[in-house]
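Here the structure comes first, spelled out in C-alpha cells, and everything after it is commentary.
The values are calculated or read from the model by the stated rules, or taken from the named source; none is laboratory data. Nothing here was measured: the structure is a model prediction, and the numbers come from that model. We place every Cβ from the backbone using ideal geometry, glycine too, and count neighbours over all the protein chains shown.
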Amino acid sequence: MSDIVKKATEYRIKQIELAEAKYYKTLIATLDRIEREVISLANRLPTQDGKLIELQSAIAIRPRIKFILEKEYLAWSDTVVREGFNKQAKRVNKSFKAILEKAKIRNKLSAEDLAKFSELTKGDLALVQNLKQQYFTQFKDVSNTFTRRLSEKVYQNTLVGSEFAVLEKELRQTINGIYASADDPEAQRLIEYINENKFDKSKRAIVDKSIQTLQSKFARDRAGENMKRYAGQILNDSLRDFDATLNFNKSNDAGLTYVKYYGDVIPTTREHCEKIINGVYDKRKSGLFTIDEVKSLWTSRSWKGKKPGNPLVVRGGYNCRHQWSYVNPDWYDSKGELII
C-alpha cells in the first residue's frame, strides 16, 4: 500500500530543494553584481603609485557600500521571504490535507476536523507573517555585518597604504569567498560550473573535483567568513525551518503528538540523522517517536553542526535536509504498516 505520509513529506522536501536551487542561482547573480559594484566603487579611491592614500575617502565609502548591499541583497532576500515562504506554506497545507483526507476515509478523523485543518487558518497566516519578519531580520543582519566588514577592509588597507590590487582581492573574497571572480579563464570556468551545478546530484562528484582544483591549483581557501557562505546557509535553513515550524503548528492544532523522520541518507548526512532514519533509536516497529522522545534524543546527544532551538524545527542542525512528519499511532497496524 502506498505510504501517503512518506509521499507527502517527500513532496515537501523535494519542493524545498527546488526552491533552494532556484533562489541560490539568483543569489549568485546578486552577489556577482554586488562584487562588481563594490569593486567599481573602490576603484575610485585616491591612489598614488598604485597605493591607497586617503583615509577620509576610505571612511566616506561606508554608506555607499551599505546602499549597494541593501539595493541588491535585501531585494533578493525580500523575494525569498515573501514569495518562497508563501509557496511553501501552500505546499505544507496541501501535504497536511492529503494525509488527513486519508485518515478521514479510514474513520480516523471526523469530517468536521478535516474541514478545520484543510486550509490555512488565521493563526497559520499570522505565524507565516511572523516567520517572514524573523527570517528577513536574519538576512538583514548579514547585510549589516558585511557592510561593516567591507568598509573595514577599505579602511585598514588605506591605513597601511596597501596597493589597490590587494584591497580588490580582499573585497572580492569577502563577498564571494572561493567563488570570487577570477582573471584566469580556467578558474572562472570552474567557478561558473560549480555555481551552475551545485544542486545537480548527478554531477556532485565533478563539482567536488572542481572545488578541489580551485583550492589546490588556484590557491582558493574554501573556508572563510564570506557573504556567500552566510547567505547560502540562511537560505537553506530559512526555507526548511519555515516548513518545519508551520507543519509543527498545524499538527499541534490537530492534536498529532507522534512524528516520523524522513529524508535521504547521503555521504554528508549527520550520524544523528542517519541513525534515526535507519531505526537505531526506534522503540516501535513503525519508527514513530513521541515529541518528548525526540526532545530527549536531542538533549542527550551532541554532534557537529547541532543548532539551538526546538528539535522539531531545527532537526539535525545547520543545513539539515530532513523533515519530521506528524502522525497518529492509530494509523499504523501491529507490524508498523500504515493502514490509512
Residue that is among the charged types (D, E, K, R) and over 26 Å from residue 252 (Cβ atoms), where the choices are 25, 97, 90: 25
Residue in segment 16-30 that is under 30 Å from residue 262 (Cα atoms) and either assigned to a loop (DSSP other than H, G, I, E, B) or aromatic (Phe, Trp, Tyr) (or both) present: yes
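Let's see how each residue does on (1) surrounded by fewer than 17 Cβ atoms within 10 Å (Cβ to Cβ); (2) not β-branched (Val, Ile, Thr):
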| site | (1), (2) |
| --- | --- |
| 12 | no, yes |
| 21 | yes, yes |
| 30 | no, no |
| 75 | yes, yes |
| 83 | yes, yes |
Qualifying positions in segment 24-64 - on the phi > 0 side of the Ramachandran plot and free of Cβ contacts under 8 Å to residues at least 60 places away in the same chain: 49
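Residue by residue, here is whether (1) in a loop (DSSP other than H, G, I, E, B); (2) touching a Lys or Arg at 6+ places or on another chain (Cβ under 6 Å); (3) over 25 Å from residue 40 (Cβ atoms); (4) modelled with pLDDT of 90 or more holds:
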| site | (1), (2), (3), (4) |
| --- | --- |
| 205 | no, no, yes, no |
| 222 | yes, no, yes, no |
| 228 | no, no, no, yes |
| 240 | no, no, yes, yes |
| 248 | no, no, yes, yes |
Residues (farther than 14 Å from residue 25 by Cβ and either among the hydrophobic types (A, V, I, L, M, F, W, C) or at pLDDT below 75 (or both)) located in segment 194-203: 201
Conditions (1) among the basic types (Lys, Arg); (2) in contact with a Lys or Arg (Cβ under 7 Å, 6 or more places away or on another chain); (3) surrounded by 14 or more Cβ atoms within 10 Å (Cβ to Cβ); number of the one not met by residue 284: (2)
Output for segment 1-15, where each listed residue is not hydrophobic (A, V, I, L, M, F, W, C) and not in a helix (DSSP H, G or I): 2, 3
